[in-house]
1. Exactly one condition in (1) loosely packed, with under 13 Cβ neighbours inside 10 Å; (2) at pLDDT 95 or above; (3) closer than 28 Å to Lys169 by Cα is not met by Gly67; state its number.
2. Just wondering, is there one or more residues in the stretch 52-73 that are under 24 Å from Ser139 (Cα atoms), in contact with a His (Cβ under 9 Å, 6 or more places away or on another chain) and in contact (Cβ under 8 Å) with a residue 40 or more places away in the chain?
3. Which members of the stretch 1-57 meet the condition of being touching a helix residue (DSSP H, G or I) at 6+ places or on another chain (Cβ under 9 Å) and either loosely packed, with under 14 Cβ neighbours inside 10 Å or among the charged types (D, E, K, R) (or both)?
4. Scan the stretch 74-97 for residues that are under 16 Å from Asn120 (Cβ atoms) and either buried (at least 16 other Cβ atoms within 10 Å of the Cβ) or without any contact (Cβ under 8 Å) to a residue 40 or more places away in the chain (or both) and jot them down.
5. Within the stretch 124-148, track down each residue that is over 15 Å from the mean Cα position of the chain (by Cα) and either more than 11 Å from Asn11 (Cβ to Cβ) or not in a strand (DSSP E or B) (or both).
6. Is at least one residue of the stretch 116-123 over 17 Å from the mean Cα position of the chain (by Cα) and either of a type outside the set (D, E, K, R) or modelled with pLDDT of 90 or more (or both)?
Amino acid sequence: MSLIQGMALVNIVKAQIVTEEETPVTFEFETANDASVDPEVDEGEEQILRVKNKIIATNKTEDIAYGYELVLTDNTLIPEVLAIVDGGSLRFDEVETEQVLGYDGPVSGLTVSRTLFTLNLFTEEKDADGDTLQYAKLSFMHCKGKPVSWALKDGEFFVPEFTITARPKTGEKAITVDFMDTLPV
């Protein structure tokens, strides 16, 4: 039997949000320095039939993963990403229609209709000499943002924290990982 080699993955080279709309929009950014990915699990149960000091049978259901909760931190403030995750809207200049003038958060106390998106996180596999061997793309479909957490402190950079839930539809995978020689352009 041959020895299996693991991949030495490091860094978040790039993050990508692709909206799940009729005409998808892609936002790429390189400033997500930290991403925590935690599975959402519905824990199974065990029911044991015991008679005195003997276990007769066990009725057991397995744990089932139904998605992920992701938190991106150490980000720069990207208004377009803020609007997708937080659920508000951007204000644009009337003449320079691509220039963002501001952001308006969702209306307090009302349900927010957030845009679904796919989150792709790209990392790289490194060799012993530091060269990049290949890239790994982790994809989470049907993501929805949550209200954004803010951290403001005098003398330190402003850091928004993006919390995202990924919930696959019935029969879909909760995560896919693709290996590639080059990053997509």
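The values are calculated or read from the model by the stated rules, or taken from the named source; none is laboratory data. A quick note: this is a predicted structure, and the numbers were derived from the prediction, not measured. Note: ideal-geometry Cβ built from the backbone for every residue, glycine included; neighbour counts use all protein chains shown.
1. Unmet condition: (1).
2. Residues of the stretch 52-73 that are under 24 Å from Ser139 (Cα atoms), as a first pass: 63-73.
Restricting the remaining residues to those that are in contact with a His (Cβ under 9 Å, 6 or more places away or on another chain) gives 67.
Narrowing further to those that are in contact (Cβ under 8 Å) with a residue 40 or more places away in the chain: 67.
Checked the stretch 52-73: at least one residue is under 24 Å from Ser139 (Cα atoms), in contact with a His (Cβ under 9 Å, 6 or more places away or on another chain) and in contact (Cβ under 8 Å) with a residue 40 or more places away in the chain.
3. Across the stretch 1-57, the qualifying residue is only Val25.
4. Residues of the stretch 74-97 that are under 16 Å from Asn120 (Cβ atoms), as a first pass: 75, 78, 80-81, 84-85.
Matches in the stretch 74-97: Asn75, Ile78, Val81, Ile84, Val85.
5. Asp127, Ala128, Asp129, Gly130, Asp131, Leu133, Gln134
6. no
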